[in-house]
Amino acid sequence: MILDETTSDPLKNISQQIKMLRKQNSWSQQKLAELTNLDRTTIGFLERNDYSDIGIRKVLRVLQVFGKTLITADVGLPTLDQLQIMKSSTDLSEREING
């Protein structure tokens, strides 16, 4: 999953993920650019969180090389149902801990 819930800026998270995944594969920016048919400078922009001139299709192309994609997620306050599930889960965990 690309979106890290602890990061408030999803684009920054994507940039960090791209850089981390590239390095895990021991690829240079040039190698990743060749694999995605993009310019090396585009990869650099992505890794620096500079999306001013980059379309979503280019981002998707890079993510797909790593077997990743973009997803949507609900933001904001949890619903009543979500709060009840979280409370039930917490109550169950406390009962297990306290025996």
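Say we look at the stretch 9-55 and pick out the residues that are hydroxyl-bearing (Ser, Thr, Tyr) and part of a helix (DSSP H, G or I); which of these is surrounded by the fewest Cβ atoms within 10 Å (Cβ to Cβ)? So, considering only residues that are hydroxyl-bearing (Ser, Thr, Tyr) and part of a helix (DSSP H, G or I), the one surrounded by the fewest Cβ atoms within 10 Å (Cβ to Cβ) is 41.
Annotation note: Cβ proximity below 6 Å between a residue of the stretch 41-55 that is closer than 13 Å to residue 27 by Cβ and without any contact (Cβ under 8 Å) to a residue 60 or more places away in the chain and a residue that is loosely packed, with under 14 Cβ neighbours inside 10 Å and of a type outside the set (D, E, K, R) (sequence gap 6+ or interchain) occurs for no pair.
Could you say whether any residue in the stretch 56-66 is more than 12 Å from the chain's Cα centre (by Cα), in a loop (DSSP other than H, G, I, E, B) and β-branched (Val, Ile, Thr)? No, because not a single residue in the stretch 56-66 is more than 12 Å from the chain's Cα centre (by Cα), in a loop (DSSP other than H, G, I, E, B) and β-branched (Val, Ile, Thr). Scanning the stretch 65-84 for residues being closer than 17 Å to residue 25 by Cβ and surrounded by 12 or more Cβ atoms within 10 Å (Cβ to Cβ) gives a total of 3.
In the stretch 82-94 there is no residue matching the filter, namely being within 17 Å of the chain's Cα centre (by Cα) and not in a loop (DSSP other than H, G, I, E, B). For beta carbons closer than 7 Å, sequence separation of 6+ or different chains, a first residue in the stretch 56-69 that is over 11 Å from residue 37 (Cβ atoms) and a second that is hydroxyl-bearing (Ser, Thr, Tyr), the qualifying pairs are 60/69; 63/69. Checking each residue in the stretch 31-86 for being modelled with pLDDT under 95, of a type in the set (A, V, I, L, M) and over 20 Å from residue 12 (Cα atoms) picks out 77, 80, 83, 85, 86.
The values are calculated or read from the model by the stated rules, or taken from the named source; none is laboratory data. Bear in mind the structure is a predicted one, so any value in this text is a computation, not a measurement. Note that each Cβ is placed from the backbone with ideal geometry, even for glycine, and that neighbours are counted across all protein chains shown.
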